[in-house]
Amino acid sequence: MLRPRPRRCNFPTPIPSAVPADVPVSVTASAPRTILICSGKGGVGKTTLTANLGIALASQGVRTAVLDADFGLRNLDLLLGLENRIVFTAQEVLAGSCRLEQAMVKHKQEPNLALLPAGNPRMLEWLKPEDMQKIVELIKPHFDVVLIDAPAGIEDGFKNAAAAASEAIVVTTPEVSAVRDADRVIGLLNVRNIEPIQLVLNRVRPKMMVNQEMLGVSDVTDILALPLLGLVLEDEQVIVSTNRGEPLTLNGGKSPAAVAYRNIARRLQGETIPLPDPTQLNRGLRAKVRQLLQTKIF
Amino acid sequence: MTLRDLIDRLLGRQQASGPTAKHRLQLVLAHDRSDLNPELLQRMRKEILEVVSKYVELDLEGGDVSLETEERTTALVANLPIRRVKDTALQTLASGES
Ligand SMILES: Nc1ncnc2c1ncn2[C@@H]1O[C@H](COP(=O)(O)OP(=O)(O)O)[C@@H](O)[C@H]1O
Ligand SMILES: [Mg+2]
């Protein structure tokens with residue numbers, strides 16, 4: 001389990017390269033978690049989750065690094081509002097032309113969070129799983145959690161991203177194609193012994209769920225056989241926050257998605273926070289009629 | 001059946017799409033997960049029927065060999081209604097041959 005640390009991250013002060021031999025180093029107590037955020041299908045909310053979860057964890061005192069592993073279509077910088085502060089990327093770090101500390105972009109308002117930007121899309125031509133492992137090994141000593149924003153698909157880009165992860169969050173929406181693709185990805189994660197694998201169900205529309213015009217929460221969790229880490233409603237504020245480059249979880253946002261992302265961050269740290277039943281959210285007369293229509297008669 | 005299904009049926013409306021989505025997903029995932037292509041499954045089905053038919057007379061109309069999936073494990077499920085055990089099968093057993 002991951003414990004929040006109230007202290008601020010001192011990154012990018014240089015790190016002593018060697019630990020004095022007489023100091024006992026407890027590896028397990030502080031072993032950072034490397035978490036892959038993946039989905040198979042594109043456009044289901046991986047990058048949005050990575051940005052919001054990163055900010056939420058950081059504000060809860062967890063030293064968090066977010067790594068944009070979507071080298072083809074990088075966007076994490078934009079969602080975090082850090083696009084104008086990028087000097088170096090993962091590419092220069094790997095080439096040895098800059099130090100990791102120079103490439104990591106620290107978030108001004110949430111200094112516990114830092115981004116390692118993706119390099120040029122041409123990196124895809126030569127990047128190997130070992131390269132990703134190397135990057136993550138460099139990042140790990142300075143953080144409690146490393147979130148890896150995976151690209152869509154199940155090809156090399158995904159495999160590179162997965163190579164450096166010890167656990168995973170699979171994002172899906174309650175739609176047949178997204179769930180099918182998520183299932184493919186879960187199969188690949190299982191082969192790689194990545195665990196735990198937890199599920200985030202995104203873009204849930206309570207009204208459609210009540211009307212049974214959308215896969216239900218338990219339908220998806222049953223089919224994929226994964227524990228549910230969080231449930232994020234369809235929320236217009238997600239788009240507004242993307243426009244501004246300010247994740248919803250920044251500045252104590254109160255919209256439904258903001259609350260959901262913050263709860264995901266807390267559950268990730270081992271807190272028990274009950275998951276709301278989206279079909280019970282609206283308790284008005286219309287909702288009661290809808291509920292009545294769903295009662296089993298035989 | 002829910003109250004809504006009943007009303008939908010009485011009014012001749014289409015059923016809600018959620019349960020249809022679930023059903024279709026379960027079928028397609030059973031195949032995805034096992035990596036068995038439909039052609040291979042068809043051949044297996046035929047051979048299984050041949051073997052079983054040596055011993056019992058099957059009701060081929062009511063039978064089915066299909067893939068089902070639950071908790072991420074896929075099972076090959078054969079549902080083969082038996083009309084009667086074949087005499088020849090009993091005879092081989094009686095004469096001690098196997
Ligand atoms: N809960 C949500 N409510 C509304 N829009 C969402 C939600 N989650 C994601 N989106 C939108 O969906 C689109 C794809 O999201 P993104 O995070 O880029 O997906 P991915 O990284 O999986 O490709 C974006 O336009 C984003 O604003
Ligand atoms: Mg993305």
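Kindly establish whether A:L215 is open to solvent by less than 10 Å² (accessible area, probe 1.4 Å) and either without any contact (Cβ under 8 Å) to a residue 24 or more places away in the chain or within 8 Å of another protein chain (Cβ to nearest Cβ) (or both).
Yes.
Tell me which residues, restricted to the stretch B:40-98, are part of a loop (DSSP other than H, G, I, E, B), at pLDDT 80 or above and acidic (D, E).
Within the stretch B:40-98, just B:D59 meets the criteria.
Taking the stretch B:1-26, which residues are away from every other protein chain (no Cβ under 11 Å) and open to solvent by 70 Å² or more (accessible area, probe 1.4 Å)?
Those that are away from every other protein chain (no Cβ under 11 Å) and open to solvent by 70 Å² or more (accessible area, probe 1.4 Å): B:R9, B:L10, B:L11, B:R13.
Looking only at the stretch A:208-243, count every residue that is within 16 Å of ligand 2 (Cβ to nearest atom) and more than 17 Å from the chain's Cα centre (by Cα) and tell me the total.
Going through the stretch A:208-243 one residue at a time, the tally reaches 1.
What strands (runs of 3 or more DSSP E), lying completely within the stretch A:93-207, carry at least 2 residues that are within 16 Å of ligand 2 (Cβ to nearest atom) and within 14 Å of chain B (Cβ to nearest Cβ)?
So the answer is A:167-172.
Among the residues of the stretch A:218-245 satisfying the criterion of being within 14 Å of another protein chain (Cβ to nearest Cβ) and in a helix (DSSP H, G or I), which is surrounded by the fewest Cβ atoms within 10 Å (Cβ to Cβ)?
Within the stretch A:218-245, the match that is surrounded by the fewest Cβ atoms within 10 Å (Cβ to Cβ) is A:S218.
Quick one: is A:N84 free of Cβ contacts under 8 Å to residues at least 40 places away in the same chain and either in contact with a Ser or Thr (Cβ under 8 Å, 6 or more places away or on another chain) or within 28 Å of A:D181 (Cβ to Cβ) (or both)?
So A:N84 does not fit the description; no.
Would you mind finding the one in A:E101, A:E195, A:E110 that is of a type in the set (D, E, K, R) and over 17 Å from A:R63 (Cβ atoms)?
After ruling out the rest, the residue left standing is A:E195.
With the condition kept exactly as written, say whether any residue in the stretch B:54-65 is open to solvent by less than 70 Å² (accessible area, probe 1.4 Å) and on the phi > 0 side of the Ramachandran plot.
No.
How many residues does the stretch A:43-66 hold that are more than 12 Å from ligand 1 (Cβ to nearest atom) and either free of Cβ contacts under 8 Å to residues at least 12 places away in the same chain or over 10 Å from the mean Cα position of the chain (by Cα) (or both)?
Residues meeting the conditions: 11.
Within the stretch A:99-113, is even one residue buried (at least 24 other Cβ atoms within 10 Å of the Cβ) and under 17 Å from the mean Cα position of the chain (by Cα)?
The answer is yes, given that some residue of the stretch A:99-113 is buried (at least 24 other Cβ atoms within 10 Å of the Cβ) and under 17 Å from the mean Cα position of the chain (by Cα).
Just one of (1) of a type in the set (S, T, Y); (2) more than 30 Å from A:R290 (Cα to Cα); (3) open to solvent by 50 Å² or more (accessible area, probe 1.4 Å) trips up B:S34, so point out which.
Just one mismatch for B:S34, condition (3).
Within the stretch A:185-212, track down each residue that is open to solvent by less than 70 Å² (accessible area, probe 1.4 Å) and within 13 Å of ligand 1 (Cβ to nearest atom).
If the condition is that a residue be open to solvent by less than 70 Å² (accessible area, probe 1.4 Å) and within 13 Å of ligand 1 (Cβ to nearest atom), then A:V185, A:V200, A:L201, A:N202, A:V204, A:P206 are the ones that fit.
The values are calculated or read from the model by the stated rules, or taken from the named source; none is laboratory data. This structure is a prediction, so every number in the text was calculated from the model and none was measured. Reconstructed Cβ throughout: ideal geometry from the backbone, glycine too, with neighbour counts over all protein chains shown. Note: accessible area is taken over every heavy atom of the protein model, side chains too, but ligands, DNA and RNA are not part of it. Shrake-Rupley method; radii C 1.70, N 1.55, O 1.52, S 1.80 Å.
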